[in-house]
Each structure stands twice: as structure tokens, then as C-alpha cells.
Amino acid sequence: MPRAKPTTSTKKAAVLAALADPELAKLPDRALDRLFGTSVGFTSRVRKSLTSAKPDPVKSAAATRANALRYPAWEPTDHAQPTRSDAAFRVLGGAEPWGVEHADALDWLRQLPERAASLTLFSPPYEGQRGYDMGFRLKGQAWVDWLRPIVTEAARVTAGLVLVTVSGPVRDHEYSPVVEWLAADLTRRDGLACGPSPYAWVKPNAMPGSGSENYHRRAWEPIYAFCLPDRLPLAWSDPLAFGEAPVKGTKRGQRMTRRKSSGARPLDSKYTAPAIANPGNVLSCKVGGGNLGHPLAHENEAPMPLSLAERFVRWYCPPSGIVCDPFIGSGTTAHAAILHGRRFVGCDIRASQVELARRRLGDFSADRPQP
Ligand SMILES: C[S@@+](CC[C@H](N)C(=O)[O-])C[C@H]1O[C@@H](n2cnc3c(N)ncnc32)[C@H](O)[C@@H]1O
């Protein structure tokens with residue numbers, strides 16, 4: 001039976017395989033053309049296409065990992081010009097209760113003095129999920145390297161914790177562990193400490209998803225707490241603000257036991273359950289329409305529920321202290337701060353969001369001129 005004539009694509013596959021071999025790749029292009037019976041210039045064109053090809057992040061898991069290290073640095077197209085943080089300084093000086101500015105998070109944080117805020121709480125753009133109308137497209141280590149200086153700078157300007165709400169995406173069944181990379185880099189390379197607990201924000205009404213095989217409904221997100229090590233133990237915290245009467249340990253038969261080295265578990269006679277127990281580190285907060293705490297929240301692409309922000313404000317920002325959010329979006333964290341008698345400073349890189357947050361906060365202080 002006559003052999004089938006090699007097609008251009010089988011020839012290309014053969015040349016590609018040869019170029020992947022370190023020894024064969026050293027041969028001149030003409031020699032490879034002769035070897036594979038391709039026309040003069042064929043190998044050279046294939047070689048060129050390899051170097052000019054754009055990385056494809058989803059072609060394979062291996063490609064994704066390799067590409068993560070190669071993504072170019074990103075500069076937003078409508079990058080806000082660094083502003084002097086006048087509004088923030090008016091809040092720090094006690095002249096205003098809140099100030100929201102149009103600025104890049106890192107530029108803006110760099111202008112604030114050490115320990116300016118009591119608590120920083122934010123949700124940044126997630127890795128590879130939304131472009132925010134400005135082509136945000138950082139992935140992998142490039143995303144981590146963009147966020148690291150922002151978190152470390154936030155830690156400098158914060159007297160307490162920096163809480164970061166963010167999760168990694170799943171593509172082609174592969175979870176991208178960028179949040180774990182971020183936590184590792186911040187604690188091992190940048191010298192930050194982790195705060196009292198990573199939290200799990202559970203979304204009892206999370207979107208049902210596509211229903212396709214092997215995917216899970218994305219029903220929780222991590223929230224990491226970072227800070228400079230000298231901020232611990234925290235000068236102020238009130239976790240009992242959301243405490244509840246304990247359900248265990250109050251009745252006979254539910255008393256605490258303490259396991260001895262012998263394995264025996266005698267009742268702990270010293271233990272008496274507190275009237276109010278510390279709340280757990282799993283926080284259940286609904287998302288979506290009617291659950292965000294303000295109708296204007298829907299004008300941001302990824303708003304946080306007000307109920308989530310309220311917890312952290314009441315847990316970790318002392319009354320009349322200052323909450324900071326360098327990715328303010330629709331102003332949820334500011335809303336929570338004002339609602340609970342705290343002050344607020346924040347910024348967003350998009351003018352649309354600065355205007356949105358000011359409109360939202362204006363609802364609470366209609367009698368006051370907006371900063
Ligand atoms: C996840 S949203 C924040 C949503 C907000 N927590 C809320 O409840 O509405 C992220 C925000 O970060 C802003 N942003 C993106 N890059 C930024 C940067 N370099 N500096 C400041 N803000 C930025 C986006 O414009 C967007 O509004």
C-alpha cells in the first residue's frame with residue numbers, strides 16, 4: 001500500500017518535535033529542512049513562530065504554570081495620576097469623617113503616614129477574572145507580585161490588621177493557588193505576620209454554577225489577615241461584638257472534658273462556659289440582590305456584602321478609629337465604617353467608582369458637604 005504523503009501539519013509537528021530536542025535544535029534550519037523534506041525556509045518559519053508566539057494560559061496545566069511566571073507587568077490604561085491625599089489627611093486630622101480619592105492603591109498608600117488607619121479591609125481585583133474596563137489581566141506570580149507591595153504598604157499604614165478578601169480561580173479543573181502563594185510570599189519574604197485567623201466567608205446562596213461535571217459551586221472564599229509582627233498582640237479588638245450565647249458546655253453532660261496522657265477524659269471541673277462565646281472563623285453572609293446592603297453596590301462588578309464588612313469593622317476597628325480601603329469600589333467598607341461610628345479613608349483607580357462611593361456615602365451625610 002503506498003504511504004500517505006506527509007501533510008504540512010505533520011511536517012510542522014515533526015519540525016516542532018525536533019526543535020524541542022536540545023541536540024536537534026542546534027542543527028541549522030537548512031539541515032532540518034533536508035531531514036524532514038520540507039521546503040527551504042520552512043524550519044526557520046516554525047522556529048520564528050515559537051519565539052513570537054503569545055503564551056496561551058489555558059492550553060495545558062504545565063503551560064499555565066510556566067506562563068504565570070512570564071506575564072508582562074501590567075499598567076492600567078486609565079491609570080489615575082497620583083494625587084496628594086488631601087481628603088485622607090483631612091480625615092486623619094479629624095476635620096472630616098470620610099474621604100474617598102481617585103488614585104492607584106500603591107501610590108495612594110505610600111503617601112499615608114505609618115499607623116494612619118486602625119484597620120485596612122479590602123477586596124482587590126482577583127487573578128484573571130475581571131478586567132474592570134481597563135484590561136486588568138495579571139495572572140499567576142505577576143498578580144502576586146503586583147499585590148505584595150500593596151499589602152505590605154497597607155500593613156505599614158495600619159496600626160492593626162490588613163484583611164484581604166480574595167480567592168483563586170479554577171480553569172479547566174485546575175485551581176490557581178495564587179492566594180496561597182501571596183500568603184507565603186508576604187509571610188516568608190516580606191516579613192508580615194498572619195493575624196488571628198484566616199476566615200472562611202461562606203456564601204449560602206452562591207451562584208449554582210454551570211452544572212457541568214467535576215466543578216464545584218464556589219460557595220466560600222478565604223479572607224486572610226496580615227500585619228506587621230509588632231502589631232501583635234492587637235492593641236484593640238472586640239470579637240465578642242458578634243458573639244453568641246454558647247450552645248455547648250452549659251448543660252450537664254455537655255461539660256468540657258480534657259484528655260489526659262492516659263487517654264481518660266475526665267470532666268474539666270474548672271471550665272465554665274462564658275455567657276457570650278467567641279464567634280467562629282466561618283462567616284456566613286449571603287451575596288447578590290437584596291443582600292448587599294445598598295442598591296448602589298450593584299454598580300460595582302464584584303461588591304462585598306455590607307454584613308461581611310460590618311463584622312470586621314466591629315471586631316478590629318476601635319470606635320472612632322479609621323478604616324482604610326484602597327480598592328473601595330462601591331464603598332461597602334466605608335458604609336460599614338460610618339454605620340458603626342468609625343471614620344474612613346479610601347481610594348479607587350476608576351473615577352466611576354470614586355463617584356459611586358461618594359454617592360453612596362452621601363446618603364448617610366446628606367447634610368454635610370462631600371469631601
Ligand atoms: C473587587 S472590586 C471592590 C469592590 C468593593 N469592595 C465593593 O464592595 O464595592 C475591586 C476594585 O478595585 C479597583 N482597582 C483595580 N485596580 C486598582 C488599583 N491599582 N488601585 C486602586 N483601585 C483599583 C477597581 O476599580 C474595583 O472597583
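The values are calculated or read from the model by the stated rules, or taken from the named source; none is laboratory data. Quick caveat: nothing in here was measured; it's all calculated off a predicted structure. Cβ: placed from backbone, ideal geometry, glycine included. Neighbour counts: every protein chain shown.
The table below lists the values:
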item: Residues being within 11 Å of the ligand (Cβ to nearest atom) and among the aliphatic types (A, V, I, L, M) - total across region 117-159; result: 5
item: Hits in region 180-189 - residues which are surrounded by 14 or more Cβ atoms within 10 Å (Cβ to Cβ) and touching a helix residue (DSSP H, G or I) at 6+ places or on another chain (Cβ under 9 Å); result: TRP181, LEU182, ASP185, LEU186
item: Complete set of residues in region 169-179 that are exposed (fewer than 15 other Cβ atoms within 10 Å of the Cβ) and modelled with pLDDT under 95; result: PRO169, VAL170, ARG171, ASP172, HIS173, GLU174, TYR175
item: Single match in VAL164, VAL202, VAL179 (criterion: within 16 Å of the ligand (Cβ to nearest atom), in contact with a strand residue (DSSP E or B) (Cβ under 8 Å, 6 or more places away or on another chain) and in contact (Cβ under 8 Å) with a residue 60 or more places away in the chain); result: VAL164
item: In region 88-140, the residues that are surrounded by fewer than 19 Cβ atoms within 10 Å (Cβ to Cβ), within 17 Å of the chain's Cα centre (by Cα) and not in a loop (DSSP other than H, G, I, E, B); result: LEU106
